[in-house]
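Enquirer: Structure provided below as structure tokens; questions to follow.
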Protein chains: 2
Amino acid sequence: MADPTGRSELGEALLFLTDDQLRKGIEAMFFAYRGFTADPDRILVDQGYGRAHHRALHFIARSPGTTVNNLLNILGVTKQSLNRVLRTLIEDGLVENTVGLKDKRERNLTLTDAGQTLERELSFAQSARMRKAYKQAGPEAVHGFREVLEAMMDPEMRKMYIKLSEKGGA
Amino acid sequence: MADPTGRSELGEALLFLTDDQLRKGIEAMFFAYRGFTADPDRILVDQGYGRAHHRALHFIARSPGTTVNNLLNILGVTKQSLNRVLRTLIEDGLVENTVGLKDKRERNLTLTDAGQTLERELSFAQSARMRKAYKQAGPEAVHGFREVLEAMMDPEMRKMYIKLSEKGGA
DNA sequence: CAAGATACGTCAGTGTTGTTGACATTCCAA
DNA sequence: TTGGAATGTCAACAACACTGACGTATCTTG
């Protein structure tokens, strides 16, 4: 509401769907995502890691004991790519890799204490920015924020997202 | 409003700032950004281009005649990195590079007809997803979406974003 | 048990995108 | 006019993603 695009012939109900509004949304996503990743990136550079390491740490922390295959589905990368990242994390003693109990083909991934420490540091940095943004925008805006993001996901990603939300969020 | 997190001891006013809510926001950004870039990426692969080419095309289309330096500030990469992208786009006849009139050190960048065609195709694909998400979430949600994203940007990025918004959006 | 499917890891090759370093051109100001 | 700053270009290198192929261990099914 209060949408000063100057084009009123469509009626106010659809003004938020003009090309200009959509373009603003696109550019907002671009610039915001840069901020979103900036703080963890700074920490990771010092350690010789990249964004891929952060993602792996995050989702292992989120689902301790998860399998490689599950992580693959969540992250949407190839196993070769993930393997490179996991290998360095295991070598550096941040992630532990144990043979599955039920199915010995599987590997269960967990964070070591050192891994948890780094993950919490990254999470804290990213959350701090998110908290500031949330606080500044207010609860209603946050609700809308998540509504739009959720509607923007591919269906399969949305399933993952909801599954994760339910797990931690009840 | 209507925030069913089940934890009421903090008082409803701050429930949207719990660690769990912040984590959901982080994961929503991650999954949504994948969707956000998925459609253009598919188109670009066929052409032998990447996401960097899309970004360059987008912001040249947005500010025809812009300089390399300006683009550098917007995109936040090194000039060498941008130059490689620009070179291929120029070689392929999608972007035109003319010596600056006032300052001959500068290069003014514009899209050729072919460049405009591709840029519109990419923009259309990305906008289509954004439109669907906007329509599904509704105008109020869209407002909140943009509020939060804007609050998440680094100050300098926010300046760029607002400057661009004003240019196209008046 | 034999055969096929599944889960994971690895090697080789390629492409995009980021980086640093070196350099040419142009502008501006002392 | 000369030196410094700004702008843009070329070259080499590193990080990280992808495809394709293969090997091993394990599970599942006929």
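Enquirer: Which of the residues belonging to segment B:69-78 are among the aliphatic types (A, V, I, L, M) and near DNA strand C (Cβ under 8 Å from one of its atoms)?
Expert: Passing the criteria: B:Leu75, B:Val77.
Enquirer: Filter segment A:55-67 for residues that are more than 12 Å from the chain's Cα centre (by Cα) and crowded, with 16+ Cβ neighbours inside 10 Å and give the result.
Expert: Passing the criteria: A:Ile60, A:Ala61, A:Ser63, A:Thr66, A:Thr67.
Enquirer: Can you tell me which residue in segment A:79-93 is surrounded by the most Cβ atoms within 10 Å (Cβ to Cβ), limited to those that are of a type in the set (S, T, N, Q) and within 8 Å of DNA strand C (Cβ to nearest atom)?
Expert: Filtering segment A:79-93 for residues that are of a type in the set (S, T, N, Q) and within 8 Å of DNA strand C (Cβ to nearest atom), the one surrounded by the most Cβ atoms within 10 Å (Cβ to Cβ) comes out as A:Asn83.
Enquirer: A further question on this structure: Has segment A:130-146 got at least one residue that is within 16 Å of DNA strand D (Cβ to nearest atom) and not in a loop (DSSP other than H, G, I, E, B)? It would help to see each step written out before you state the result.
Expert: Narrowing segment A:130-146 to residues within 16 Å of DNA strand D (Cβ to nearest atom): none.
Within segment A:130-146, not a single residue is within 16 Å of DNA strand D (Cβ to nearest atom) and not in a loop (DSSP other than H, G, I, E, B).
Enquirer: Looking only at segment A:59-66, decide whether some residue is within 14 Å of DNA strand D (Cβ to nearest atom) and either within 14 Å of another protein chain (Cβ to nearest Cβ) or more than 20 Å from B:Phe31 (Cα to Cα) (or both).
Expert: To start, the set of residues in segment A:59-66 that are within 14 Å of DNA strand D (Cβ to nearest atom) comprises A:59.
So of that shortlist, the ones also either within 14 Å of another protein chain (Cβ to nearest Cβ) or more than 20 Å from B:Phe31 (Cα to Cα) (or both) come out as A:59.
Yes, some residue in segment A:59-66 is within 14 Å of DNA strand D (Cβ to nearest atom) and either within 14 Å of another protein chain (Cβ to nearest Cβ) or more than 20 Å from B:Phe31 (Cα to Cα) (or both).
Enquirer: Which ones in segment A:118-131 are at the interface with another protein chain (Cβ under 7 Å from one of its Cβ atoms) and open to solvent by 10 Å² or more (accessible area, probe 1.4 Å)?
Expert: Within segment A:118-131, A:Gln126, A:Ser127, A:Arg129, A:Arg131 meet the criteria.
Enquirer: Next question. Can you name the condition, by its number, that A:Gly35 falls short on among (1) in contact with a Ser or Thr (Cβ under 7 Å, 6 or more places away or on another chain); (2) more than 12 Å from DNA strand D (Cβ to nearest atom)?
Expert: Going through (1) in contact with a Ser or Thr (Cβ under 7 Å, 6 or more places away or on another chain); (2) more than 12 Å from DNA strand D (Cβ to nearest atom) one by one, A:Gly35 breaks only (1).
Enquirer: If I filter segment B:64-76 for residues that are in contact with a strand residue (DSSP E or B) (Cβ under 8 Å, 6 or more places away or on another chain) and of a type in the set (Ser, Thr, Tyr), do I get at least one hit? I'd like the intermediate steps shown before the answer.
Expert: So the first thing to find is which residues in segment B:64-76 are in contact with a strand residue (DSSP E or B) (Cβ under 8 Å, 6 or more places away or on another chain), and the list is B:64-68, B:71.
Going one step further and asking which of them are of a type in the set (Ser, Thr, Tyr), we end up with B:66-67.
For segment B:64-76, residues in contact with a strand residue (DSSP E or B) (Cβ under 8 Å, 6 or more places away or on another chain) and of a type in the set (Ser, Thr, Tyr): present.
Enquirer: Let me ask another. Scan segment B:89-118 residue by residue and report those that are part of a loop (DSSP other than H, G, I, E, B) and within 10 Å of DNA strand D (Cβ to nearest atom).
Expert: Hits for segment B:89-118 are B:Gly100, B:Asp103, B:Lys104, B:Arg105, B:Glu106.
Enquirer: When you look at B:Lys163, is it more than 17 Å from the chain's Cα centre (by Cα) and assigned to a helix (DSSP H, G or I), yes or no?
Expert: Criteria not met by B:Lys163.
Enquirer: Give the number of residues within segment A:139-169 that are touching a Gly at 6+ places or on another chain (Cβ under 7 Å), over 15 Å from B:Gly138 (Cβ atoms) and surrounded by fewer than 18 Cβ atoms within 10 Å (Cβ to Cβ).
Expert: Of the residues in segment A:139-169, 1 are touching a Gly at 6+ places or on another chain (Cβ under 7 Å), over 15 Å from B:Gly138 (Cβ atoms) and surrounded by fewer than 18 Cβ atoms within 10 Å (Cβ to Cβ).
Enquirer: Within the set of pairs 6 or more residues apart or between chains, which connect a residue that is within 11 Å of B:Val142 (Cα to Cα) and at pLDDT below 95 inside segment A:3-28 to a residue that is assigned to a helix (DSSP H, G or I) and open to solvent by 80 Å² or more (accessible area, probe 1.4 Å) with Cβ atoms less than 8 Å apart?
Expert: A:Phe16/B:His143; A:Leu17/B:Lys135
The values are calculated or read from the model by the stated rules, or taken from the named source; none is laboratory data. Keep in mind the model is a prediction, meaning the values are calculated, not measured. Heads up, the Cβs are rebuilt from the backbone with ideal geometry, glycines too, and the neighbour counts pull from every protein chain shown. For the accessible areas, the whole protein counts, side chains as well, though only heavy atoms, and no ligand, DNA or RNA atoms are used. Shrake-Rupley method; radii C 1.70, N 1.55, O 1.52, S 1.80 Å.
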